[in-house]
Every structure is written in C-alpha cells, then in structure tokens.
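Let me give you the structure first, and then I'll get to my questions.
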Amino acid sequence: MGHVQVGWARALAESLLAEPLPRRWAHSQGVGAQAETLRSILGSDADLLVSAAWLHDIGYAPSLVATDFHPIDGARYLRDVEYADEMLCRLVAHHTCACIEAEERGLSAEMDEFDAPPSDLADALIYCDMTTGPSGERMDVSNRLAEIDGRYGPDHLVSRSIRRATPALVAAVRATADRLGRLSTDQ
C-alpha cells in the first residue's frame, strides 16, 4: 500500500504547515533533520522513519482538523487522501505516546484504526520529536518535556498526557540514544 518517499513527505508537510503554522513547520523541519541523524541505525526503515518525522504533525494543519487530535487527523489524511504506506500512517497516528492523549480525549476507539508500530521505530520517532524544540532547535528530552508543560500549563489535557507518558518517552529517547552509541562504539 502507498508510497514512502522523503522528498514527497517533506513537500507535503511544507504545503500543509509552512504558511498557516510557520512555527509548527519549523519544528517539523527540525524533527526531519534529527531523523536523518538516525539513518545509521535504521537500515531499510530509514526513509520510512524520516518521512514519518516530516509528517508527524501534519494533523495540526487547519485544512485537516477533524477530531482536534493531530495524530489521528494526520494519519487519516495520509491513509484516506494520500494512500500512504500503512506503516507510515501507523507511525503518525501513534507518535510520541499518542494513545495516552487519545485516552484523555475519549478517542481510544479512533486510535484503534491504526495498529501500533514496532517499538524500535516508535522509539526512534519519539527520539526525534522529543529532542527537537518548538522552533526546530535541538533540545534535551527533559527540557522538551518542561517546555510542553510550560506552553500548555499544568492543568491542560496535553500536559496531563505528557506527564503520564514521561517514563515511556524518556525510555524511548534513551533506548534510541543507546542504539546510536552502540553503533559508534562498534565501528
């Protein structure tokens, strides 16, 4: 099913985000660049993961908003309009522990439309997203978590979800960083 091409993914993300949401576009560019740094550990999944990094936040695009939950809106658009690769849709739907926020929003049934991706790919996408700040800058995961909490405020649904997801997010970043570290010591 569908296609996975980094150039297509980048162009699609730019067309949906650059004009209406320039800061979200800057973040997506940073996440895409961070994904490129993981090519050495991704093997044949490199283009898939880099494409997912570019596309992970397209559901914020005003033209795609349906549920007000960007992972679902983005994944549905990729599946239903772009006929994108199934695994790409799964990565976008489940990025950064989205199932936790979906539960908070009462959207668990919608999440069930997309199977969870393999943990190594999910972890790699979390690594890219959670080490990239809102303007595309590189950022430590603990600073990124604090930035999200500060941006939304302590009582916001997003902040509550991120707090619940923190152990899994930190573990995913650490697991991916460890994979990168092992590769550099093996060479």
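Rounded to the nearest percent, how much of the accessible area of the chain (1.4 Å probe, protein heavy atoms only) is carbon and sulfur? Kindly include the intermediate steps, with their values, before the conclusion.
On the way: 4180 of 8290 Å².
On the chain, the fraction of accessible area on carbon and sulfur atoms equals 50 percent.
Okay, next question. Suppose we look only past 22 Å in the calculated P(r) of segment 62-140. What percent of the Cα-Cα pairs does that tail hold?
The share of Cα pairs beyond 22 Å in segment 62-140 comes to 25 percent.
List the GluC sites (Glu not before Pro) within segment 105-155 that fall in a DSSP loop (any state other than H, G, I, E or B) and whose Cβ has at most 16 other Cβ atoms within 10 Å.
Values: sites: Glu110, Glu113, Glu137, Glu147; in loops: Glu113, Glu137.
When the GluC sites (Glu not before Pro) of segment 105-155 are filtered for loop state and at most 16 Cβ neighbours within 10 Å, Glu113, Glu137 remain.
Under a GNM of the chain (C-alpha, springs under 10 Å), which listed residue has the highest mean-square fluctuation: Tyr77, Tyr152, Tyr60?
Ranking Tyr77, Tyr152, Tyr60 by mean-square fluctuation puts Tyr152 first.
Further question: Using helices alone, I'd like the mean residue ellipticity at 222 nm for the chain: each DSSP H run of four-plus residues gives -39500 (n - 2.57), total over residue count, nearest 500.
Working: 11 runs with 127 residues, N = 187.
That calculation yields -21000 deg cm²/dmol at 222 nm.
Now for a different question. Can you order the peptides 17-26, 66-75 by their average number of other Cβ atoms within 10 Å per residue, highest first? Intermediate values should be presented prior to the final figure.
Values: 17-26: 16.0, 66-75: 20.5.
So the order, starting with the most tightly packed, is 66-75, 17-26.
A further question on this structure: Binning at 5 Å from 0, report for the chain what percent of all alpha-carbon pair distances ends up in each bin.
Taking all Cα pairs of the chain, the binned fractions are 1, 9, 17, 23, 23, 16, 8, 2, 1, 0 percent.
If you stretched the chain out fully between Val65 and Arg182, how much longer would it get, using 0.36 nm times the residue separation minus the C-alpha to C-alpha distance? The partial results should precede the final answer.
On the way: separation 117, 0.36 × 117 = 42.12 nm, distance 4.04 nm.
Length gained, Val65 through Arg182: 38.1 nm.
Taking the Cα centre of the chain as the origin, how large is its charge dipole in debye, to the nearest 20, when only Lys and Arg (+1) and Asp and Glu (-1) carry charge on their Cβ atoms?
Details: 17 positive and 29 negative charges, 101 e Å.
Roughly 480 debye, rounded to the nearest 20.
Please compute the per residue accessible area over segment 41-165 with all protein chains in place, 1.4 Å probe, rounded to a whole number of Å².
Values: 4970 Å² over 125 residues.
Normalised by residue count, the accessible surface of segment 41-165 is 40 Å².
Report the relative contact order of segment 29-187, percent, no decimals, based on alpha-carbon pairs under 8 angstrom and at least 6 residues apart. Numbers along the way, then the final one.
Numbers: 204 pairs, mean separation 37.2, N = 159.
After rounding, I find 23 percent.
Another question, then. Hey, could you pull the Cα Rg and Dmax for segment 118-187, both in Å?
13.2, 47
State whether segment 1-52 is rounded, prolate or oblate according to the following rule on the C-alpha gyration tensor (a ≥ b ≥ c being the square roots of its eigenvalues): a/c under 1.5 gives rounded; otherwise a/b larger than b/c gives prolate, and the remaining case gives oblate.
On the way: a/c = 3.75, a/b = 1.53, b/c = 2.44.
Verdict is oblate for segment 1-52.
Which residues in segment 96-139 have a backbone N closer than 18 Å to a point placed 7 Å from the Cα of Ser40 along the Cα-to-Cβ line?
Only 124-125, 127-128 pass the distance filter.
The values are calculated or read from the model by the stated rules, or taken from the named source; none is laboratory data. Keep in mind that what you see is a predicted model, and the values were worked out from it rather than measured. Note: ideal-geometry Cβ built from the backbone for every residue, glycine included; neighbour counts use all protein chains shown. Note: areas computed on protein heavy atoms with side chains; ligands, DNA, RNA excluded. Shrake-Rupley method; radii C 1.70, N 1.55, O 1.52, S 1.80 Å.
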